[in-house]
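These notes are about the structure you will find just below.
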Amino acid sequence: MARRKGLTFYQKKKKLNSKVVKDVFEMIVGGLAAIFLAFVIVYSVGIRTSVIGDSMEPALYNGQEILINRVVYRLSSPKRGDVVVFLPNGNENSHYYVKRVVGLPGEMVLIQEGRVYIDGVLLEEDEELDKMIDPGIAQNELTLAADEFFVLGDNRNSSEDSRSGNIGAVKKETIIGKAWFHMGSENEGMGLVE
């Protein structure tokens with residue numbers, strides 16, 4: 001066999017470095033975990049809707065966007081004072097209603113002289129809330145079932161809520177979640193829904 005004259009370069013076969021393979025694998029797994037976590041967060045607490053109407057003023061304004069926590073009520077039940085988002089009577093064709101929980105399951109609710117009574121006791125509320133002119137169906141004492149909540153808008157005299165016969169008590173199964181964060185509006189910045 002004849003030898004080639006001149007310089008010859010041997011090409012070394014490249015081997016996969018185990019550290020590089022490990023780093024690439026960790027990046028792929030980390031990326032997939034981040035995507036999964038982002039999906040879970042968006043699905044559970046990232047639902048966004050807009051408040052329709054002035055029924056929740058001054059807490060929330062017409063057109064203001066809010067984020068809904070859909071997980072919280074799978075783990076617990078709404079509490080008095082929570083701002084909930086629901087579909088009236090489970091109607092999928094309706095817009096989301098945003099109201100404050102006033103009456104809890106098993107309680108008796110009565111509206112008398114513009115104020116709310118729970119089990120015969122005057123409910124302590126913010127004194128800035130208007131006295132209700134129309135008690136609606138709560139002019140007679142209502143007893144809530146084991147899965148029902150009585151909800152009212154904060155702007156009491158401009159709210160279609162549980163006092164209305166076509167909405168009535170809200171069943172837990174029709175509650176989408178808890179309004180927990182509001183976007184900025186012309187009247188205020190963004191923050192937690194209180």
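Here is how the numbers come out for the structure above:
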quantity	calculated
Using a Förster distance of 25 Å, the FRET efficiency for Ser94-Phe181 (Cβ separation, nearest 0.05)	0.65
Under 5 Å, built H, 5+ apart or other chain: amide partners of Arg115	Met132
Average Cα contact separation per residue, region 24-110, under 8 Å, 6 or more apart, as relative contact order %	21
Rounded Å value of the spacing that divides the Cα centres of region 76-132 and region 158-194	10
Student exercise, the chain dipole from Lys, Arg, Asp, Glu Cβ charges, in Debye to nearest 20	3400
Rg/Rg_ref, region 119-177, where Rg_ref = 2.2 N^0.38 Å and atoms are Cα	1.16
Rounded to the nearest 10 Å², the accessible area of Ile137 at probe 1.4 Å	70
Stretch gain in nm, segment Met108-Ser50, where the contour uses 0.36 nm per residue and the Cα spacing is subtracted	17.8 nm
Stretch in the chain that is longest and holds no chymotrypsin sites (Phe, Trp or Tyr not before Pro) that DSSP places in a loop and that have at most 11 other beta carbons within 10 Å	11-194
Spin-label pair Lys172/Val40, simplified geometry with 7 Å Cα→Cβ offset, distance in nm	2.4
Solvent-accessible area per residue for region 116-187 (1.4 angstrom probe, square angstrom)	54
Hydrodynamic radius of region 57-136 per Kirkwood, over alpha carbon pairs, in Å	14.8
P(r) histogram, all alpha-carbon pairs of region 71-190 included - 5 Å bins from 0, percent	2, 11, 22, 24, 20, 13, 6, 2, 0
Relative contact order (%) - the chain, alpha-carbon pairs under 8 angstrom, separation at least six	23
Rounded tilt (10° steps) of 18-45 against the dominant C-alpha axis of the chain	10
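The values are calculated or read from the model by the stated rules, or taken from the named source; none is laboratory data. On a predicted model such as this, the values are computed, not experimentally measured, just so you know. When we count neighbours, we look across all protein chains shown, and the Cβ atoms used for this are built from the backbone with ideal geometry, even at glycine. What goes into the accessible areas is simple: the full protein's heavy atoms, side chains included, and nothing from ligands, DNA or RNA. Shrake-Rupley method; radii C 1.70, N 1.55, O 1.52, S 1.80 Å.
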